[in-house]
Amino acid sequence: MERWEDEAIVLSARPHGEGHAIVAVLAREHGHWRGHVRGGAASRGRALWQPGNVLAVSWTARIADQLGHLTGELLTAIAAAAMEDAWALALLASSCAVAEAALPEHEPHPLAYTGLAALLARIGEGASLAADYVRWEVALLAELGYGLDLSACAVTGRREGLVYVSPRTGRAVTAEGAGAWAERLFALPPFLTGNSPVMPGDVAAGLRLTGHFLARDVFGLAHRPTPAARLRLAERAEAERA
């Protein structure tokens with residue numbers, strides 16, 4: 001019998017059969033796993049297995065390659081903190097969907113867990129948390145081996161005045177270095193390179209930037225589409241920018 005216990009964030013819960021659910025979690029020590037939850041789609045189970053909630057979970061299976069069964073006890077009801085704010089709901093839905101789609105199963109990703117847990121702990125802050133969400137996606141790309149290089153200009157080597165990112169290499173570029181190619185580059189919001197305040201349009205620019213590399217290097221290589229919740233978050237940011 002295979003078994004492990006861990007603290008975990010619920011990423012998704014999909015109905016399966018009569019009143020049951022297939023649940024995906026991100027566990028602190030064990031990473032991304034799925035399991036069958038008896039009663040997970042019934043009234044009491046739905047409240048517990050809400051995306052974003054932090055649980056003490058137990059996973060068991062006869063052999064490691066089986067789907068297995070999950071049980072859990074609530075530690076922190078994160079989902080409830082997002083219910084009254086549209087931005088909070090959008091950020092919660094996108095972060096859980098991106099983590100589920102991006103992280104390979106059965107591999108420990110402690111940095112991704114720590115970053116997501118820290119983000120979700122502040123989910124009630126709503127729109128003011130959006131810049132930190134973009135930073136979390138930048139960190140997720142780095143953990144998966146697709147980190148952006150925002151330290152110096154790819155053309156001039158300068159460390160100041162970085163305003164663009166190459167969509168091909170993920171390296172930062174100054175206005176001088178960009179030259180006539182500026183229109184083909186992504187805008188680099190200043191909050192990603194320092195302690196600059198978040199200005200109107202910065203979050204939308206950040207989501208366009210990370211969204212490109214997630215779609216190309218993470219979801220694309222796994223032959224998966226960008227999660228719908230992530231697309232809706234980007235649309236919300238673009239609408240507020242307009």
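Within the range 150-159, is even one residue under 30 Å from GLU84 (Cα atoms) and either outside any loop (DSSP other than H, G, I, E, B) or outside the structural domain of GLU107 (by TED's automatic domain parsing) (or both)?
The first filter runs over the range 150-159 and keeps only residues under 30 Å from GLU84 (Cα atoms), leaving none.
Checked against the condition, which is being under 30 Å from GLU84 (Cα atoms) and either outside any loop (DSSP other than H, G, I, E, B) or outside the structural domain of GLU107 (by TED's automatic domain parsing) (or both), the range 150-159 yields no hits at all.
In the range 177-193, what residues are surrounded by 13 or more Cβ atoms within 10 Å (Cβ to Cβ) and either over 20 Å from the mean Cα position of the chain (by Cα) or not in a helix (DSSP H, G or I) (or both)? Step through it out loud before you land on a result.
Here is the first cut: in the range 177-193, the ones surrounded by 13 or more Cβ atoms within 10 Å (Cβ to Cβ) are 177-178, 182, 185-193.
The answer is GLY177, ALA178, ALA182, LEU185, PHE186, ALA187, LEU188, PRO189, PRO190, THR193.
From the list VAL163, VAL203, which one is of a type in the set (A, V, I, L, M, F, W, C), crowded, with 18+ Cβ neighbours inside 10 Å, assigned by TED's automatic domain parsing to the domain that holds LEU103 and on the phi < 0 side of the Ramachandran plot?
On the way: VAL163 fails: assigned by TED's automatic domain parsing to the domain that holds LEU103.
Unique residue meeting the criteria: VAL203.
Could you tell me whether SER196 is in a helix (DSSP H, G or I) and either in contact with a strand residue (DSSP E or B) (Cβ under 6 Å, 6 or more places away or on another chain) or surrounded by fewer than 22 Cβ atoms within 10 Å (Cβ to Cβ) (or both)?
Values: in a helix (DSSP H, G or I): no; either in contact with a strand residue (DSSP E or B) (Cβ under 6 Å, 6 or more places away or on another chain) or surrounded by fewer than 22 Cβ atoms within 10 Å (Cβ to Cβ) (or both): yes.
No; evaluated as a whole, the condition is false for this residue.
Identify the residue in the range 24-50 that is part of a loop (DSSP other than H, G, I, E, B) and charged (D, E, K, R) and, among all such residues, is modelled with the lowest pLDDT. Show your work before the answer.
Initial filter on the range 24-50 (part of a loop (DSSP other than H, G, I, E, B)): 28-30, 38-42, 49-50.
Now restrict to residues that are charged (D, E, K, R): 28-29, 38.
On the way: ARG28: 98, GLU29: 97, ARG38: 91.
Looking at the filtered set, the residue picked out is ARG38.
Does ALA102 satisfy the criteria of being modelled with pLDDT of 95 or more and crowded, with 23+ Cβ neighbours inside 10 Å? So that I can check it myself, show each step before the final result.
On the way: modelled with pLDDT of 95 or more: yes; crowded, with 23+ Cβ neighbours inside 10 Å: yes.
Spelling it out, ALA102 is indeed modelled with pLDDT of 95 or more and crowded, with 23+ Cβ neighbours inside 10 Å.
Can you go through LEU48, LEU74 and tell me which one is free of Cβ contacts under 8 Å to residues at least 40 places away in the same chain and buried (at least 19 other Cβ atoms within 10 Å of the Cβ)?
Numbers: LEU74 fails: buried (at least 19 other Cβ atoms within 10 Å of the Cβ).
Answer to the check: LEU48.
The values are calculated or read from the model by the stated rules, or taken from the named source; none is laboratory data. Everything quoted here is computed from the prediction, not taken from an experiment. All Cβ positions, even for glycine, are placed from backbone atoms using ideal geometry, and neighbour counts span all protein chains on display.
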